[in-house]
1. Is one or more of the residues making up the stretch A:156-166 exposed (fewer than 14 other Cβ atoms within 10 Å of the Cβ), of a type outside the set (Lys, Arg) and in a helix (DSSP H, G or I)?
2. Touching a residue at least 40 places away in the same chain (Cβ under 8 Å), among the hydroxyl-bearing types (Ser, Thr, Tyr) and closer than 30 Å to A:Thr35 by Cβ - does that describe any residue in the stretch A:150-161?
3. (1) away from every other protein chain (no Cβ under 12 Å); (2) part of a helix (DSSP H, G or I): which one isn't true of B:Gly49, the others all being true?
4. Could you check the stretch A:149-162 and list, in sequence order, the residues that are out of contact with any strand residue (DSSP E or B) (no Cβ under 8 Å at 6 or more places or on another chain) and closer than 12 Å to A:Thr98 by Cα?
5. Condition first: of a type in the set (A, V, I, L, M) and modelled with pLDDT of 95 or more. Now tell me which residues in the stretch A:84-104 satisfy that.
6. Scan the stretch A:107-118 for residues that are more than 10 Å from chain B (Cβ to nearest Cβ), out of contact with any helix residue (DSSP H, G or I) (no Cβ under 6 Å at 6 or more places or on another chain) and either at pLDDT 95 or above or surrounded by 20 or more Cβ atoms within 10 Å (Cβ to Cβ) (or both) and report the count.
7. Could you check, for the stretch A:90-100, whether at least one of its residues is within 14 Å of another protein chain (Cβ to nearest Cβ) and crowded, with 23+ Cβ neighbours inside 10 Å?
8. Just to verify a result, which residue in the stretch B:21-32, among those that are under 16 Å from A:Leu113 (Cβ atoms) and either at the interface with chain A (Cβ under 7 Å from one of its Cβ atoms) or modelled with pLDDT of 95 or more (or both), is surrounded by the fewest Cβ atoms within 10 Å (Cβ to Cβ)?
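The values are calculated or read from the model by the stated rules, or taken from the named source; none is laboratory data. Everything quoted here is computed from the prediction, not taken from an experiment. We place every Cβ from the backbone using ideal geometry, glycine too, and count neighbours over all the protein chains shown.
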Amino acid sequence: MTSYPVFLTDKRTGEPVAAELIETISEADLRSVETEWKPVTNAKIRALMAKGLSPADWPEGWHWKWRDKVTAINGLLAFRTFALRCEGKLQGLMQLNTARARCRVPEQAGKDLVYVDYIETAPWNRTAIVDTPRFGGVGTIMIRAAIEVSRDHELRGRIGLHSLPSAEAFYANVCGMTDLGLDGTYEGLRYFEMTSVQADAFSG
Amino acid sequence: MKKTMTLNLTDTEMQVLQDLCDKKDLSKTAVLRQALRLYQLVDVRLEQGGKLFFEDEAKKEKAELMVL
């Protein structure tokens, strides 16, 4: 198990908090999703249902089943997974696919990239679920990790992903990725791609 | 930890490998590692009962790729 020291931001104090980015999602991480994340998300869904809101208004990704995702890719070299832990709790998960997609941005079209299959942050870090998020920076750390995997594969930091609507501004404005518009072939989600130059600017 | 191996290729195979390196802007090692990832993924999916297709949307053609 490889782990890397990283820092999240405590949203209550604005101070950095030591965290750990761990390569490969473990059984303990999956249990954390089921016993710590799901109850928070489900409580929010029940509150929304009580207000008469439909699943379209529920928090994005509420139906994701990380255990199924991880089981499906077990042992496959093409996939890399990461877990982010802080203060003893799971704060985020990510699944990368190194054998899925080619670049679409003209300046790097046809070259390989690392595709970000899924990123999720703990429900207590999401403004869609709690009024005051606990930690910030999960997405930034995960995207930096994806860039490092891309570099490790000699792909020069090139990554791509389809964004859920609530995260579009993050990928466009914070990460500086190129917005290639809505993709009719992938659930109508907006596709973003990071060039090697953008990767250098974002993560150095 | 990474291990080193010697690979014996014909001239043609080496030329194909070099062409892929030039096209993808990758080293030979990186191309072969990517090929291994893809080959394993395809092999496992086929073992699970999946099929691999190439589709030409313009010509409306779809051909199953037989992987030995």
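1. The answer is yes, given that some residue of the stretch A:156-166 is exposed (fewer than 14 other Cβ atoms within 10 Å of the Cβ), of a type outside the set (Lys, Arg) and in a helix (DSSP H, G or I).
2. Within the stretch A:150-161, none of the residues are touching a residue at least 40 places away in the same chain (Cβ under 8 Å), among the hydroxyl-bearing types (Ser, Thr, Tyr) and closer than 30 Å to A:Thr35 by Cβ.
3. (2)
4. A:Arg151, A:Asp152, A:Glu154, listed by residue number.
5. Of everything in the stretch A:84-104, those that are of a type in the set (A, V, I, L, M) and modelled with pLDDT of 95 or more turn out to be A:Leu84, A:Leu90, A:Leu93, A:Met94, A:Leu96.
6. First pass over the stretch A:107-118, keeping only residues more than 10 Å from chain B (Cβ to nearest Cβ): A:107, A:109, A:113-118.
Filter again for out of contact with any helix residue (DSSP H, G or I) (no Cβ under 6 Å at 6 or more places or on another chain), leaving A:107, A:109, A:113, A:115, A:117-118.
When the remaining residues are screened for being either at pLDDT 95 or above or surrounded by 20 or more Cβ atoms within 10 Å (Cβ to Cβ) (or both), the result is A:113, A:115, A:117-118.
Residues that pass the stated criteria total 4.
7. Checked against the condition, which is being within 14 Å of another protein chain (Cβ to nearest Cβ) and crowded, with 23+ Cβ neighbours inside 10 Å, the stretch A:90-100 yields at least one hit.
8. Checking each candidate, the answer is B:Asp25.
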